[in-house]
Amino acid sequence: MQRWAPPGSVALRGPDPTWVTQLGDATLRLRLGAGTFERGAAYARDGAVVALSTGDHGRLLLATVCGSGRHPYQVLVTSSDDGAALFDARCSCPVQVDCKHVAAAILTARGQVGADVGALPLWESWLSEAVGPAGPTTATRMDGFTEMMLAETGLIAMVGKAERGPAGIE
């Protein structure tokens, strides 16, 4: 399910990742480091998380986070199977694990859990898929993460936007 979100915020798509509510600020500071947590909290407050969805019945959190780089970063956070406040996180940024983008994604998701803001109209859902925040090189940047994402989600394939220009023709 995709929900409507007020302008300047992101709508969570999919089942609620209720496990993120177990991740308090103190837990995240300890796991990620105080500086990383604070930078991620600032990113979350500033609306840097531009796409947020879940998979595997809410146990998988996928996010697109705008950072200091030229292109947005892709974040994958998976919860532990035992329901404890444990998680594994990866990002397409140079840090790759437990970065400020991960903190922003978790904090944004935590703020969305249980929010009853209504469903998007179907046409708007389709439009958001067509003109989402991903740039023309997202598929290329995510090539290194495809195998891991397929293994983590149990999916058999991923479909994305095609490259534009000469790269798409080759």
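The values are calculated or read from the model by the stated rules, or taken from the named source; none is laboratory data. On a predicted model such as this, the values are computed, not experimentally measured, just so you know. Cβ atoms come from the backbone with ideal geometry, glycine included; neighbour counts cover every protein chain shown. These area figures cover heavy atoms from the full protein model, side chains too; ligands, DNA and RNA do not enter into them. Shrake-Rupley method; radii C 1.70, N 1.55, O 1.52, S 1.80 Å.
When the trypsin sites (Lys or Arg not before Pro) in region 6-101 are filtered for DSSP coil states and for at most 14 other beta-carbon atoms within 10 Å of their beta-carbon, the remaining sites are R70. Each residue of region 44-57 is assigned a 3J(HN,Hα), and the resulting list reads 4, 4, 7, x, 5, 7, 9, 8, 8, 9, 10, x, 6, 6 Hz, derived from the Karplus form 6.51 cos²θ - 1.76 cosθ + 1.60 (θ = phi - 60°), x at Gly and Pro.
Carbon and sulfur together cover what percent of the accessible area of region 17-79 at a 1.4 Å probe radius? Mind showing how you got there, number by number?
Working: 1400 of 2850 Å².
Percent of accessible area from carbon and sulfur atoms in region 17-79: 49.
For V50, nonlocal amide neighbours, meaning residues 5 or more places apart or on other chains whose placed amide H falls under 5 Å from its own, are T64, V65, C66. Across region 12-22, coupling constants 3J(HN,Hα) worked out from phi with the 6.51/-1.76/1.60 Karplus curve, θ = phi - 60°, read 7, 10, x, x, 4, x, 4, 4, 5, 5, 7 Hz, and Gly and Pro carry x.
The label point for D46 and the one for L86, both projected 7 Å from the Cα toward the Cβ, are 3.4 nm apart.
Taking Rh as the Kirkwood radius, which is the inverse of the mean 1/r over Cα pairs, what is the Rg/Rh value for region 12-66? Mind dumping the intermediate values first?
Details: Rg = 11.9 Å, Rh = 12.1 Å.
In region 12-66, Rg relative to Rh is 0.99.
In this structure, the amide hydrogen of L12, modeled 1.01 Å from its nitrogen in the peptide plane, lies closer than 5 angstrom to those of R3, counting only residues at least 5 positions away or on a different chain. A crude spin-label estimate for the pair E147 and T21, with each label 7 Å from Cα along the Cβ direction, gives 3.8 nm.
The phi-based Karplus calculation (6.51 cos²θ - 1.76 cosθ + 1.60; θ = phi - 60°) puts the 3J(HN,Hα) values of region 24-39 at x, 4, 4, 5, 5, 4, 5, 6, 9, x, 4, x, 5, 4, 5, 5 Hz, whole numbers, x for Gly and Pro.
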